[in-house]
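Accompanying notes for the structure given below.
The values are calculated or read from the model by the stated rules, or taken from the named source; none is laboratory data. If you're wondering where the values come from, they're calculated on a predicted model, not measured in any experiment. Here the Cβ is made from the backbone with ideal geometry for all residues, glycine too, and neighbour counts use every protein chain on show.
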Amino acid sequence: MSDCLFCKIAAGEIPAKKIFEDDDVIAFHDIHPVAPVHFLVVPKVHVDSLAHATAEHQAVLGKMLLLTAKLAKEQGLDDGYRTIINTGHGGGQTFFHLHMHVIGGKPLTTNISDITTQ
């Protein structure tokens, strides 16, 4: 999509502080972190939200989850981390390209409403 921020980042049109990239997925640091470590894992294929994912996206969704554990370890999150996928307006999604937040590096509250994410 020509006006999608994450599609532009994936295409290299907008710079990002990348921590991983391959043909299917890109991961980069959030520009408004809510914790010492806060990065996004984003499929390069445009999918509006998790609610729009289909069986066609199964492989990339699995890849995102497995990659999250690897990248979290590389980012020093040995004590744990939180993953968040906001879905739709009611779920707090503000950028309508599926993405997963990975947050850690400090003790996190068990009340997830205390964390503001995009």
Exercise for review: Among the numbered conditions (1) over 27 Å from A11 (Cα atoms); (2) in a loop (DSSP other than H, G, I, E, B), tell me where G90 comes up short.
Suggested key: (2)
Review point. Of G76, G62, which residue is at pLDDT 95 or above and in a loop (DSSP other than H, G, I, E, B)?
Key: G76
Revision key, fill the gap. Restricted to the stretch 60-110 and to residues being among the hydroxyl-bearing types (S, T, Y) and without any contact (Cβ under 8 Å) to a residue 24 or more places away in the chain, the residue nearest to P43 (Cα to Cα) is T83
Revision key, fill the gap. The residue that is nearest to the chain's Cα centre (by Cα), considering only those in the stretch 66-81 that are within 16 Å of E21 (Cα to Cα) and not hydrophobic (A, V, I, L, M, F, W, C), is T68
Review point. So, of the residues in the stretch 37-59 that are touching a residue at least 60 places away in the same chain (Cβ under 8 Å) and more than 21 Å from A11 (Cβ to Cβ), which turns out to be farthest from the chain's Cα centre (by Cα)?
Key: V37
Check your understanding: Taking only pairs six or more apart or across chains, which ones have beta-carbon atoms under 9 Å, a first residue in the stretch 15-36 that is farther than 18 Å from L61 by Cβ and part of a strand (DSSP E or B), and a second residue that is modelled with pLDDT of 95 or more and of a type in the set (D, E, K, R)?
Key -> I19/E74; F28/K17; F28/K18; F28/E21; H29/K17; H29/K18
Revision key, fill the gap. In the stretch 98-111, residues that are in a loop (DSSP other than H, G, I, E, B) and either surrounded by fewer than 22 Cβ atoms within 10 Å (Cβ to Cβ) or among the hydroxyl-bearing types (S, T, Y) (or both) total 7
Review point. If we scan the stretch 54-69, do we find a residue that is surrounded by fewer than 16 Cβ atoms within 10 Å (Cβ to Cβ) and in contact with a Gly (Cβ under 9 Å, 6 or more places away or on another chain)?
Key: no
Review point. T83: surrounded by fewer than 18 Cβ atoms within 10 Å (Cβ to Cβ), touching a Ser or Thr at 6+ places or on another chain (Cβ under 9 Å) and not in a helix (DSSP H, G or I), yes or no?
Key: yes
